[in-house]
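The values are calculated or read from the model by the stated rules, or taken from the named source; none is laboratory data. All of these numbers come straight from a predicted model, not from anything done at the bench. Note that each Cβ is placed from the backbone with ideal geometry, even for glycine, and that neighbours are counted across all protein chains shown. Accessible surface areas use protein heavy atoms only, side chains included; no ligands, DNA or RNA. Shrake-Rupley method; radii C 1.70, N 1.55, O 1.52, S 1.80 Å.
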Amino acid sequence: MACIMERRNGVILALDVTSSEKAMRVAETVRDYVDAVKINWPLTLAAGPQVITEISKVKPVICDMKIADIPSINRLIVQEALARGASAVICHGFPGEDSVRACVETSKGSTYVVTEMSHPGGEQFTASVADEIADMARIVGARGIVAPATRPERIAALRGIVGDLEIISPGVGAQGGKASSALEAGADYVIVGRAIYQAEDPREAARKISEEALSAI
Ligand code: BMP
């Protein structure tokens, strides 16, 4: 499987800003302290999909469209993301194995599968099927899973299921999770958005989170 990012900081920037100027500015400012940039719908809709190409010149891009459709549509979404320079994609696990497999095959393994979501509502539905989704991610050959930094004990449990798959973990900072706790519980990377791009000094905020992350890896 192609290596999409090198773990130098243990941090993935969630770039949920809504202008391409701000996106480029933040990405350039924090590039030394993050290993990849995750792009979601807010920035894609605000700046257009070419923002994936622009940001991919600065850092590897993980395209987080949380793909959750039938296999044929999932394939098209993954193709379009890769064609614009994405190094990996994120899909939901709940649509089932054929849908996830479509993403994994089209991305040649560079797919992360969402298991249990990090927000309070994540406990309502996703928590009860997260173990099965994690097992499916392993079986179909995904690159990794997305697991909640807000519940480190769940990261530890999911690590027991996925073996050496990558675990990338959102929920640090604004959602109350702690980078060191998530990494000590078994995550490989933390995903951090607002705590970096809304900080007065985003570079310093990213530096501090990376320092904390590296001390826990
Ligand atoms: P923030 O650090 O600002 O809370 O941003 C978290 C990022 O991680 C957002 O882009 C969100 O879509 C994503 N995310 C999440 O918060 N929880 C999940 O369970 C899955 C996610 O992809």
Quiz prompt | One residue from Lys38, Lys66 being under 13 Å from the mean Cα position of the chain (by Cα), assigned to a strand (DSSP E or B) and surrounded by fewer than 16 Cβ atoms within 10 Å (Cβ to Cβ) | solution = Lys66
Quiz prompt | strands (runs of 3 or more DSSP E) (entirely within region 128-217) containing at least 2 residues that are away from the ligand (no atom under 14 Å from the Cβ) and open to solvent by 20 Å² or more (accessible area, probe 1.4 Å) | solution = none
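Residues checked against (1) within 17 Å of the chain's Cα centre (by Cα); (2) not aliphatic (A, V, I, L, M):
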{"site": "His92", "(1), (2)": "yes, yes"}
{"site": "Asp98", "(1), (2)": "no, yes"}
{"site": "Ser118", "(1), (2)": "yes, yes"}
{"site": "Ala142", "(1), (2)": "yes, no"}
Quiz item: Residues of region 82-114 being more than 22 Å from Asp35 (Cα to Cα), crowded, with 24+ Cβ neighbours inside 10 Å and either within 15 Å of the ligand (Cβ to nearest atom) or not hydrophobic (A, V, I, L, M, F, W, C) (or both), which ones?
Solution: Gly93, Cys103
Quiz item: Just checking, how many residues over region 115-126 are among the hydrophobic types (A, V, I, L, M, F, W, C) and within 11 Å of the ligand (Cβ to nearest atom)?
Solution: 1
Practice problem: Sort through Val78, Val26, Val61 and tell me the only one that's buried (at least 18 other Cβ atoms within 10 Å of the Cβ) and touching a residue at least 40 places away in the same chain (Cβ under 8 Å). | Solution: Val26
Self-check item: Any hit, region 113-123, residues being assigned to a helix (DSSP H, G or I), closer than 20 Å to Gly177 by Cβ and not small (Gly, Ala, Ser)
Solution: yes
